[in-house]
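What follows is one structure encoded as structure tokens, with my remarks underneath.
The values are calculated or read from the model by the stated rules, or taken from the named source; none is laboratory data. Predicted model, so just to flag it, every value in this text is computed and none were measured. So basically every Cβ, Gly included, is an ideal-geometry build from the backbone, and we count neighbours across all protein chains shown. Side chains included, ligands, DNA and RNA excluded: accessible areas come from the protein's heavy atoms. Shrake-Rupley method; radii C 1.70, N 1.55, O 1.52, S 1.80 Å.
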Amino acid sequence: MKSKSYQEAQEYILNIPKFTKKNSLDHTRKFLSYLGNPQENFRVIHVAGTNGKGSVCKYLEAMLLAEGETCGMFVSPHLISMNERILINGQMISKEYFAALFEKVLEAVEKMKLDGLSHPTFFEFLFGMAMLGFFESGIEIVVLETGLGGRLDATNVIANPLACIITSIGKDHVEFLGNTLGEIAKEKAGIIKKEVPVIYADTQEESSKVIEKKAQELGCRCKKIGKDAYEILQIQDKYIAFSCTNAYYENVTWRLHNTGVYQPENAMLAMEAMKEIFGKYGHPHLWKKALEDVIWEGRMEEVLPNFYVDGAHNLSAIEGFVQSVSNNKNNKILLFSVVGDKNYREMIQVLCQKLEVDFYLITEIEDARAAQVDELKKIFEEYTDKPVLIRRSLKEALLYLQIQQGERTVYCVGSLYLTGMIKAIIREDLLC
């Protein structure tokens, strides 16, 4: 049989939602057994939450590599290429290796189907590829991000992780996870395992109570990271500096290559997990340099001079975005697009009422769920008297912004799809 190309593998995976549905965790376990249970051959740090999961994972990866560990990372979604989801020792796997893993997993899936088992979902399939790739590469520690929720997420087949991290909880995917912060936290806390250390972001009393109760029931050491765990010292020159109140880190100033005011919390979650795992054998001075060098794509990322993309795509993330960019005294322009299943009215209200900009530009993303630009324009105009413009083509919107930018700072928010599309256009040199 002719080998599949990366493009063929990607097309097959993208089409999976058309012919299968959500499977149980037992199904995921059986699926992995057809691959030889690769997940049993390395240790795992499991990360769930609403916002900040990807940043926490990236910070963990950097510090683990600084400690000399071999490290795999499985994250989602991807911004441009599907192989971005699987990283080995800090590098996304090649398209050739992605295609090779795809073929091996597809062969296992065909055997499953012959045995009467249903086809793995889109996420399960990629998860299986990642687990197999980490095993084949001899990885020691894997940083594993949940896809959606936690309790029923395919990644929750991991039985005994080194640590469980739960990032800030907000209202997102309410149709699947619940309408209250407590209900959503319960789903996220589903990754907690008996006597496994838990580190969580103490951002909302309602969600914190749920996480602490679950940790107590399972006999877990539980460490919360609240605003008293660190102090932001300075935000300047594309960096944020902070100190830690825990004596373990001594009197050290930590720096992150990101101006998001929420990033010290994400870094602290990762640092506390490292402290839990390595204890007195850890090397915080190595972590400091590793964290300072991290650049996480699509998260307050400067893709062109004074032109930022940020993946904020729910209300709590938009609030964090607004708080962060308010420190920039430059005049601002905002490019916005969003998918229709988000609480975009509330997102727009916050953007209009709490962020001062010269004008808003609305564009469309290439997704069947994209919100209609004309409706978005009407909502913006309910909350602002600043100009609200439409450019349906993203390329046209970006060219317009280049002409209009001048000394102003441009921010692009509302969707990770928007972020990915912008980066793809820039990467393909379609902008002059």
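For the stretch 153-171, the criterion of being of a type in the set (Lys, Arg), in a loop (DSSP other than H, G, I, E, B) and touching a helix residue (DSSP H, G or I) at 6+ places or on another chain (Cβ under 8 Å) is satisfied by at least one residue. All of (1) in contact with a Ser or Thr (Cβ under 9 Å, 6 or more places away or on another chain); (2) outside any helix (DSSP H, G or I); (3) modelled with pLDDT under 95; (4) not β-branched (Val, Ile, Thr) hold for TYR417 with one exception: (2). When LEU399, LEU361, LEU376, LEU335 are screened for being part of a helix (DSSP H, G or I) and either open to solvent by less than 10 Å² (accessible area, probe 1.4 Å) or charged (D, E, K, R) (or both), only LEU376 passes. Among the residues of the stretch 137-162, those that are open to solvent by less than 10 Å² (accessible area, probe 1.4 Å), among the hydrophobic types (A, V, I, L, M, F, W, C) and under 18 Å from the mean Cα position of the chain (by Cα) comprise VAL142, VAL143, LEU144, ALA154.
Do you know which of the residues in the stretch 67-105 that are of a type in the set (S, T, N, Q) and either touching a residue at least 12 places away in the same chain (Cβ under 8 Å) or touching a Leu at 6+ places or on another chain (Cβ under 8 Å) (or both) is farthest from PHE135 (Cα to Cα)?
Per the criteria, the residue is SER81.
The C-beta contact set for the stretch 13-25 (first residue within 24 Å of ASN83 (Cβ to Cβ), second residue acidic (Asp, Glu), distance under 8 angstrom, 6+ apart or interchain) comprises ASN23/GLU124.
All conditions in (1) open to solvent by less than 50 Å² (accessible area, probe 1.4 Å); (2) without any contact (Cβ under 8 Å) to a residue 60 or more places away in the chain hold for GLU428, with the sole exception of (1).
Screening the stretch 217-228 for residues that are touching a residue at least 40 places away in the same chain (Cβ under 8 Å) and within 16 Å of ASN266 (Cα to Cα) and picking the one that is surrounded by the most Cβ atoms within 10 Å (Cβ to Cβ) gives ILE225. Might you check whether a residue that is touching an Asp or Glu at 6+ places or on another chain (Cβ under 9 Å), surrounded by 14 or more Cβ atoms within 10 Å (Cβ to Cβ) and more than 19 Å from LYS332 (Cβ to Cβ) occurs anywhere in the stretch 410-419? The answer is yes, given that some residue of the stretch 410-419 is touching an Asp or Glu at 6+ places or on another chain (Cβ under 9 Å), surrounded by 14 or more Cβ atoms within 10 Å (Cβ to Cβ) and more than 19 Å from LYS332 (Cβ to Cβ).
Results for (1) outside any loop (DSSP other than H, G, I, E, B); (2) open to solvent by 60 Å² or more (accessible area, probe 1.4 Å); (3) free of Cβ contacts under 8 Å to residues at least 60 places away in the same chain, shown as yes or no for each residue.
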residue	(1), (2), (3)
ALA185	yes, no, yes
VAL196	no, no, yes
LYS209	yes, yes, yes
ALA215	yes, no, yes
GLN234	yes, yes, yes
ARG255	yes, yes, yes
ALA270	yes, no, no
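Taking the residues in the stretch 306-332 that are part of a helix (DSSP H, G or I) and of a type in the set (Val, Ile, Thr) as candidates, determine which candidate is surrounded by the fewest Cβ atoms within 10 Å (Cβ to Cβ). Out of the qualifying residues, it is VAL322.
Scanning the stretch 340-358 for residues that are outside any helix (DSSP H, G or I) and either among the small types (Gly, Ala, Ser) or in contact with a helix residue (DSSP H, G or I) (Cβ under 7 Å, 6 or more places away or on another chain) (or both) gives GLY340, ASN343, LEU355.
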